[in-house]
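Q: Below: one structure in structure tokens.
The values are calculated or read from the model by the stated rules, or taken from the named source; none is laboratory data. These numbers come from a predicted model, not from an experiment. Cβ coordinates were reconstructed from backbone atoms using ideal geometry, including for glycine residues, and neighbour counts include every protein chain displayed.
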2 protein chains.
Amino acid sequence: MADHAPTAAVLLIGDEILSGRTKDKNLGFIADYLTVLGIDLKEARVVPDIEDEIVQAVNVLRRRYTYVFTTGGIGPTHDDITADAVARAFDVEIDHDPQAVEILLAHFKAIGREPNEARLRMARIPKGASLIANPVSKAPGFQIGNVFVMAGIPKVMNAMMEEVAPRLERGAPVISHTITIEGGEGDVAAPLKAIQERFADVIIGSYPFESPQGFATNLVLRSRDQALLASAANEVRQMAVELTRDGKVRGWS
Amino acid sequence: MADHAPTAAVLLIGDEILSGRTKDKNLGFIADYLTVLGIDLKEARVVPDIEDEIVQAVNVLRRRYTYVFTTGGIGPTHDDITADAVARAFDVEIDHDPQAVEILLAHFKAIGREPNEARLRMARIPKGASLIANPVSKAPGFQIGNVFVMAGIPKVMNAMMEEVAPRLERGAPVISHTITIEGGEGDVAAPLKAIQERFADVIIGSYPFESPQGFATNLVLRSRDQALLASAANEVRQMAVELTRDGKVRGWS
């Protein structure tokens, strides 16, 4: 079943993320969103506002995964070069899209803004692309082939994902189950590995964290198969009971 | 001057980031840190806990940039495969490192933990690597060639960056200056582009945001040349004065 799940990559575009000025929030949002849709996010990249870098990343990722989601670089200023880069990646022309121009002109009229050349630059869309509506600030994103080009502002991007969702093929959702061990990873590692080896279709992750009582560990089981997940979770709980009984961990939940 | 700055890539390793379960905070920290050191972060990638993916990303990035910083996947559990993947990327053996074993045994003794096989797995270090001290939880990271392998837990990674910093060649620091325009990007785009074209060695970014008074825009100028930066900033301020006088923006600061 897992073999048939659509796959995806995220491409974050912008100098401001690499300089540290902007702390990205888009990757986490898209990751959560795709998980709910049963689409496997397999890779993410962050590239600067350099056309060659964007072109290369788009072309590698769109050939490797079912979908590519980009954020950033579709505004009206000189550093917004994503649309041009994506057009070049697909080797198609880019020009003002009549529908996008209409959307923008109506919006500028409504809010009393001058429809200058820079603002209308946001209507430049690669040939063959379809628009992604932007209910927040109107300037649309676009889809070309399997690439979805969205804004970088989280509020706008989140709204665009809602527009994009109906276009996506979904997989069986991945279900997850978390068991928390009041102790370090080192004591669960060996029995956990043995359980992982018996359940190839359940992915078991181990994530230590600091709790007020000392180090603790979240054991996260993920699978598309609910019955398998339940069996594996039972074994992990049994392991937790035994570790607690032997005094190796302080408890579990 | 900019041509001689060291460059870097960040490689975040872990299923939990791609599933959305963990919201990454390491990229932003490293980005800020490298900016202070004058090292240009050029790219970041997130890959899952799959050995082939890690090997491929490490090999691409280490050949392309001065430094590569990885986070995640160096704990004691079965899903921690970063050290093995990095050894494979460099085509070297990996085994228990005597110094790392000594550090761990002393630590386990001090806190009364059993030094089991899984815990000592954290002492497996690729041949030829040097350790990166971990003042928080002792299990070390390592440096091999130009690749720095660090923990995924932010507190531990942050401490490891402090250990790594003295080993890094620094560039002239990039200085930044921000001017905030009380208005949308569309009105600043044309004059800003003209300024950018006159200052090739100043990178000017335009970042819109929503303020209580409506859309506003941060104009961020970045350069290694303080005099050039000051000249460009003066022109941007002059632009802001004119846009405000013409009523195109509500003001600036």
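Q: Before we move on, is B:Glu102 of a type in the set (D, E, K, R), within 11 Å of another protein chain (Cβ to nearest Cβ) and free of Cβ contacts under 8 Å to residues at least 60 places away in the same chain? Break it down into steps so the answer makes sense when it comes.
A: Values: of a type in the set (D, E, K, R): yes; within 11 Å of another protein chain (Cβ to nearest Cβ): no; free of Cβ contacts under 8 Å to residues at least 60 places away in the same chain: yes.
For B:Glu102, the condition - of a type in the set (D, E, K, R), within 11 Å of another protein chain (Cβ to nearest Cβ) and free of Cβ contacts under 8 Å to residues at least 60 places away in the same chain - is not met.
Q: Now, a different point. Could you please find all residues in the range B:103-123 being buried (at least 19 other Cβ atoms within 10 Å of the Cβ) and either of a type in the set (A, V, I, L, M, F, W, C) or closer than 17 Å to B:Glu93 by Cβ (or both)?
A: Going residue by residue through the range B:103-123, those that are buried (at least 19 other Cβ atoms within 10 Å of the Cβ) are B:103-104, B:118-119, B:121-123.
Of everything in the range B:103-123, those that are buried (at least 19 other Cβ atoms within 10 Å of the Cβ) and either of a type in the set (A, V, I, L, M, F, W, C) or closer than 17 Å to B:Glu93 by Cβ (or both) turn out to be B:Ile103, B:Leu104, B:Ala118, B:Arg121, B:Met122, B:Ala123.
Q: Among what's in the range A:139-179 and is of a type in the set (A, V, I, L, M, F, W, C) and in a strand (DSSP E or B), pick the residue that is nearest to the other protein chains (Cβ to nearest Cβ). Can you show your working first?
A: Quick first cut of the range A:139-179, residues of a type in the set (A, V, I, L, M, F, W, C) only: A:139, A:142, A:144, A:147-151, A:153, A:156-157, A:159-161, A:164-165, A:168, A:172, A:174-175, A:179.
The next check asks that each one be in a strand (DSSP E or B); those that pass are A:142, A:144, A:147-150, A:175, A:179.
Numbers: A:Phe142: 19, A:Ile144: 23, A:Val147: 18, A:Phe148: 17, A:Val149: 17, A:Met150: 15, A:Ile175: 12, A:Ile179: 14 Å.
Only one residue tops the list, namely A:Ile175.
Q: Would you tally the residues in the range A:73-89 being hydroxyl-bearing (Ser, Thr, Tyr) and either outside any loop (DSSP other than H, G, I, E, B) or more than 7 Å from every other protein chain (Cβ to nearest Cβ) (or both)?
A: Of all residues in the range A:73-89, those hydroxyl-bearing (Ser, Thr, Tyr) come to A:77, A:82.
Still in the list and also either outside any loop (DSSP other than H, G, I, E, B) or more than 7 Å from every other protein chain (Cβ to nearest Cβ) (or both): A:82.
The total comes to 1.
Q: Can we say A:Phe69 is at pLDDT 95 or above, within 14 Å of chain B (Cβ to nearest Cβ), in a strand (DSSP E or B) and within 16 Å of A:Ile13 (Cα to Cα)?
A: Values: at pLDDT 95 or above: yes; within 14 Å of chain B (Cβ to nearest Cβ): yes; in a strand (DSSP E or B): yes; within 16 Å of A:Ile13 (Cα to Cα): yes.
So A:Phe69 passes the test.
Q: Of everything in the range B:10-54, what is part of a strand (DSSP E or B), of a type in the set (Asp, Glu) and at the interface with chain A (Cβ under 7 Å from one of its Cβ atoms)? Give them in sequence order. Even if it seems obvious, please write down each step before you answer.
A: Narrowing the range B:10-54 to residues part of a strand (DSSP E or B): B:10-13, B:40-47.
Now restrict to residues that are of a type in the set (Asp, Glu): B:40, B:43.
Matches in the range B:10-54: B:Glu43 only.
Q: (1) more than 9 Å from every other protein chain (Cβ to nearest Cβ); (2) at pLDDT below 95; (3) in contact with an Asp or Glu (Cβ under 9 Å, 6 or more places away or on another chain): which one isn't true of B:Asp3, the others all being true?
A: Here B:Asp3 clears every test but (3).
Q: Quick check: is even one residue across the range B:120-138 farther than 30 Å from B:Phe209 by Cβ, assigned to a loop (DSSP other than H, G, I, E, B) and touching a Leu at 6+ places or on another chain (Cβ under 9 Å)?
A: Just the residues of the range B:120-138 that are farther than 30 Å from B:Phe209 by Cβ, to begin with: B:120-138.
Add one more test, that the residue is assigned to a loop (DSSP other than H, G, I, E, B), and what stays is B:127-129, B:133-138.
Add one more test, that the residue is touching a Leu at 6+ places or on another chain (Cβ under 9 Å), and what stays is B:138.
Looking through the range B:120-138, at least one residue is farther than 30 Å from B:Phe209 by Cβ, assigned to a loop (DSSP other than H, G, I, E, B) and touching a Leu at 6+ places or on another chain (Cβ under 9 Å).
Q: Now, a different point. Take B:Gln238 and decide whether it is at pLDDT below 95 and away from chain A (no Cβ under 12 Å). Working first, answer last.
A: Details: at pLDDT below 95: no; away from chain A (no Cβ under 12 Å): yes.
Considered against the rule, which asks whether it is at pLDDT below 95 and away from chain A (no Cβ under 12 Å), B:Gln238 comes out as no.
Q: Ok, one more. Is there a residue being in contact with a His (Cβ under 7 Å, 6 or more places away or on another chain) and assigned by TED's automatic domain parsing to the domain that holds A:Thr22 anywhere in the range A:133-152?
A: yes
Q: Something else: Mind telling me which of the residues B:Asp84, B:Asp80, B:Asp52 ends up being surrounded by 23 or more Cβ atoms within 10 Å (Cβ to Cβ), under 30 Å from A:Pro191 (Cα atoms), assigned by TED's automatic domain parsing to the domain that holds B:Met160 and of a type in the set (D, E, K, R)?
A: Matching residue, one of B:Asp84, B:Asp80, B:Asp52: B:Asp80.
Yes/no matrix, rows are residues, columns are (1) more than 15 Å from A:Gly145 (Cα to Cα); (2) touching a residue at least 12 places away in the same chain (Cβ under 8 Å):
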position: A:Gly73; (1), (2): yes, yes
position: A:Val86; (1), (2): no, yes
position: A:Asp91; (1), (2): no, no
position: A:Lys109; (1), (2): yes, no
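Q: Say we look at the range B:186-231 and pick out the residues that are closer than 21 Å to B:Asp246 by Cβ and under 28 Å from the mean Cα position of the chain (by Cα); which of these is farthest from the other protein chains (Cβ to nearest Cβ)?
A: B:Ala216
Q: Next question. Can you find a residue that is basic (Lys, Arg) and under 19 Å from B:Asn158 (Cβ atoms) anywhere in the range B:46-67?
A: First pass over the range B:46-67, keeping only residues basic (Lys, Arg): B:62-64.
Going one step further and asking which of them are under 19 Å from B:Asn158 (Cβ atoms), we end up with none.
No, the conditions are met nowhere in the range B:46-67.
Q: Can you pull out every residue in the range B:197-253 that is surrounded by fewer than 20 Cβ atoms within 10 Å (Cβ to Cβ) and part of a strand (DSSP E or B)?
A: Residues satisfying the conditions are B:Phe209, B:Glu210, B:Ser211, B:Gly214, B:Phe215, B:Asn218.
Q: Taking the options A:Lys127, A:Lys193, name whichever one is charged (D, E, K, R), at pLDDT 95 or above and not assigned by TED's automatic domain parsing to the domain that holds A:Ile94.
A: Values: A:Lys127 fails: not assigned by TED's automatic domain parsing to the domain that holds A:Ile94.
Checking each option against the conditions leaves just A:Lys193.
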